[in-house]
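Data first, discussion second: the structure below is written as structure tokens.
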Amino acid sequence: MRIDVTKPVLPALEEYVEQLKDIWDVKWLTNNGPKLKELEAAITQKFELDELVLCSNGTVALTLALLALDKKGEVITTPFTFAATATAIEAAGCTPVFADIDPDRLTLDPASVEELVTENTVAIMPVQVYGVLSDHERLSSLAKKYELPLIYDAAHCFAASTNGISALNLGDMACFSLHATKLFHTVEGGGIVCHDPKTKEKLKRLTNFGISSPDSINLSGMNGKMSEFHAAMGLALLPYLDGIVDARKQVYDAFEERLKRVEGVRFLTEHFVDQHNYAYCPIIMEGGEPAVLDVLEKLQKYDIHPRRYFYPSLSEVEAFSQCKSNSPISESVSKSALCLPIFPELELSVIEKVCEVIGLVAAQNNAQKALK
Ligand SMILES: *Cc1c(COP(=O)(O)O)cnc(C)c1O
């Protein structure tokens, strides 16, 4: 059976059907309906968030957060991320500028950001890549110094926390994704966390074309609404969340135990959180791209398919070739990074096969290096 980097989790079918019955009863299908409000309240309460607006997906969440700023210009971000971070910046009428990543955290390096701040900069958008948290203290003091909003792409850090605070509560706004491939999902979905009711109201309005009352449209928004069917999936799945994180932790621990001391492989043991979410299981191959390709090819024979998250570095893709960048570390790390399969109930035999192949490739690389 094909093993991919992730496998979506679903609630028991009856539990989803239970949720659907309520929708059939009230016949309210979308537009800030009761299921959506219930899911917003449940997530807000679970993670003690200030204010939350759910929307149609994570890319729209990022776009709406930027639209809410009412500023057009450059947004400094990391190129070591999924394409959506940069496409959302462009969708909001802004221009991505790629600063480099910190080699330990793999998240946006504050020093590199500062080098790229100009009078055209309108926001800083770090990405909590793999659920590893950015240096929030340094980024927020930088944001304060230049009077720039700090908007997190928190797509990877649902259920992660630092010093007892949800990672979603950091920054002026934090945007997350509830896509089927993420740790927790509503099939398609996303959300924006902010810290005051006025911004929340504005974000809500932006998800609904900017309409403020039946006869008044005072913002240029879009259709960013989450439907009742999507919210229903979230409500049915939410009781499973803690179990999902625990099950992923077991898989993660099994990989860590086997890989953390393998020469030529860097396993990320520090996530700068007090509660990690185990959403991804990345490794960095010291043998670089040839080693990564070798592992992929060897595992393909067993129908096991790790993913090159994130390759290529967005600073090197055609779509963003016009964007300013200074990101050699991102470019090098993206060639060497590989995300291993991680999802609840991944079999130990698969974990062992993956580790065996990685160990073999690393040993070959180490031997070659010793010869040089
Ligand atoms: C998944 C993801 C997004 C986009 O979320 P969608 O819900 O798929 O639109 C944005 N940023 C990062 C880092 C992601 O991994």
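Worth pointing out:
- Alpha-carbon centroid distance for the pair the range 51-81 / the range 220-248, whole angstrom: 19
- With Cα atoms, 0 to 90° folded angle of helix 241-259 axis to the chain main axis: 20
- Gap separating the Cα centres of the range 293-371 and the range 134-173, nearest whole Å: 28
- Neighbour cut-off at most 12 other Cβ (10 Å), DSSP loop, GluC sites (Glu not before Pro), the range 1-110: E48
- Qualifying trypsin sites (Lys or Arg not before Pro) in the range 16-64, where qualification requires a DSSP coil assignment and no more than 11 other C-beta atoms within 10 Å, comprise K27.
- Each Cα pair under 8 Å and six or more residues apart adds its separation to the average, and for the range 196-320 the resulting relative contact order is 12 percent.
- Positive minus negative residues near R308 (Lys, Arg vs Asp, Glu; Cβ under 12 Å): +1
- On Cα atoms only, tilt of 288-300 relative to the major axis of the chain in degrees: 90
- Cα-based helix-to-principal-axis angle, 348-371 vs the chain, degrees rounded to 10: 50
- Charge dipole of the range 177-217 about the Cα centre (unit charges at C-beta), most positive-ward option of H185, F209, P197: P197
- Residue-count net charge about S327 - beta-carbon cut-off 13 Å; Lys, Arg +1, Asp, Glu -1: -4
- Note on K71: aspartates and glutamates with a C-alpha under 17 Å away, same-chain residues under 8 apart excluded, are E90, E119, E147, D172.
- Leading residue at positive end of dipole, the chain (Cβ point charges), from L49, I101, L299: L299
- For the chain, the Cβ-based charge dipole about the Cα centre amounts to some 400 debye (Lys, Arg positive; Asp, Glu negative; other atoms uncharged).
- Sorting Y302, Y252, Y146, Y278 on solvent-accessible area from highest to lowest, probe radius 1.4 Å, gives Y302, Y146, Y278, Y252.
- The range 97-115 and the range 1-48 have Cα centres separated by 36 Å.
The values are calculated or read from the model by the stated rules, or taken from the named source; none is laboratory data. As the structure is a prediction and not an experimental result, all values here were calculated from the model. Using ideal geometry, Cβ is built from the backbone for each residue, glycine included, and neighbour counts are taken over all protein chains shown. Each accessible area value is taken on the protein alone, full model and side chains, heavy atoms only, with ligands, DNA and RNA left out. Shrake-Rupley method; radii C 1.70, N 1.55, O 1.52, S 1.80 Å.
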